[in-house]
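The values are calculated or read from the model by the stated rules, or taken from the named source; none is laboratory data. The structure displayed is predicted, hence computed values, not measured ones. Quick reminder, even Gly has a Cβ in these numbers, built from the backbone with ideal geometry, and neighbours come from all protein chains shown. Note: accessible area is taken over every heavy atom of the protein model, side chains too, but ligands, DNA and RNA are not part of it. Shrake-Rupley method; radii C 1.70, N 1.55, O 1.52, S 1.80 Å.
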Amino acid sequence: MKKLSIALMVAFCGWQFVSAQIEVLSVTPLTETTNKGFYHPKFSPAGDYLLLTGANFKGLTKYDLSTQTMTQLTDVDNAGYCPQISDGGKVVVFRDVEYKNNRRYTSIKSINLDNHKVSKIDNAVREQYPFTFIGGTLKIAKGNSIKSKRLANDIYTPVEQSLIVAIENQSLILYKDNKRIVLDPNGKGSYIWPSISPDQKHIVYMALHDGCNTFVCDIDGKNKVNLGYLGAPVWLGNDWIVGMEDIDDGHQTISSKLKAARIDGSLRQDLPTPDTKIAMYPTASNNAVAYEADGTIYVMKLQIR
């Protein structure tokens, strides 16, 4: 009877794997980016274009996936570090870094993709404030509150609350409306790469002090689930995380492959990248993933079963 129960369990788990897995349909290099030194792709909310940046996050370039055309948006330093896009895709907000007397100052700027007009949103300061878009409104976490600035007339699905997640002094911080909350679901330590799921119910993050593993928790920091090592994790819908499993020799990355994991920890699988051994820093949208490999950008089409 015990052997039969185990057999049924294995059969059930096997069925679950087949029915829930992600199938890679195609992997295509964007030929216009080949060996051009583009990194850290980011999908627009509609998935119709990518934002690309150069080495050390210098500048921003828009790659239109339908026309395969590229447009440089800015060449300022640090513009490619976590830029944000309005829900309608018409406005991009980025950071501009400058140095005065060997001290670093960061300002927040926006660019309208229709007319390429650049506007200053926040003056250059020593702090680096986290920000995000909700519809066409930019939300900036400053102090213990969230400041709002309308930048685009985007049509979007309203959300219940303003939420921003950030790392401050290595802690995981949630800004919820006008309240700053220290979450630290794995205790005091060192957190990186946090982001909120599209439905605002979960947070993904990596805890360097807890085995360098990636976790998903509820929006209040509770019920954490260990997904194992997944570097630079991003959301693929609300139920999947995509990240990289990279290996280095102490000086440089020698291999890196992409993996996907369900947020409940029930499944983890490879996303094969046949043209390269070093696939890094993925971004996801609908049924697609883009990633970088040696300065070239690739797009992977998926089917989620």
Could you tell me how many of the residues in region 56-100 are of a type in the set (S, T, N, Q), farther than 20 Å from I121 by Cβ, in contact with a helix residue (DSSP H, G or I) (Cβ under 8 Å, 6 or more places away or on another chain) and open to solvent by less than 30 Å² (accessible area, probe 1.4 Å)?
0
Kindly indicate whether Q269 is polar (S, T, N, Q), within 13 Å of I304 (Cα to Cα) and surrounded by fewer than 18 Cβ atoms within 10 Å (Cβ to Cβ).
yes
Going through region 43-68 in order, the residues found to be touching a residue at least 12 places away in the same chain (Cβ under 8 Å) and farther than 24 Å from V97 by Cα are P45, A46, G47, D48, Y49, D64, L65, S66, Q68
Condition first: among the polar types (S, T, N, Q), at pLDDT 95 or above and either more than 24 Å from K42 (Cα to Cα) or outside any loop (DSSP other than H, G, I, E, B) (or both). Can you find one or more residues in region 229-249 that meet it?
no
Check K139, K147, K109 and return the single one that is part of a strand (DSSP E or B), among the basic types (K, R) and either touching a Leu at 6+ places or on another chain (Cβ under 6 Å) or at pLDDT 95 or above (or both).
K109
Yes or no: region 137-154 includes at least one residue that is out of contact with any Ser or Thr (no Cβ under 9 Å at 6 or more places or on another chain), over 18 Å from L60 (Cβ atoms) and open to solvent by less than 40 Å² (accessible area, probe 1.4 Å).
yes
For region 71-85, pairs from a residue that is free of Cβ contacts under 8 Å to residues at least 40 places away in the same chain to a residue that is hydrophobic (A, V, I, L, M, F, W, C) and surrounded by fewer than 18 Cβ atoms within 10 Å (Cβ to Cβ), with Cβ under 7 Å and 6 or more apart or across chains, are D77/V97; N78/V97
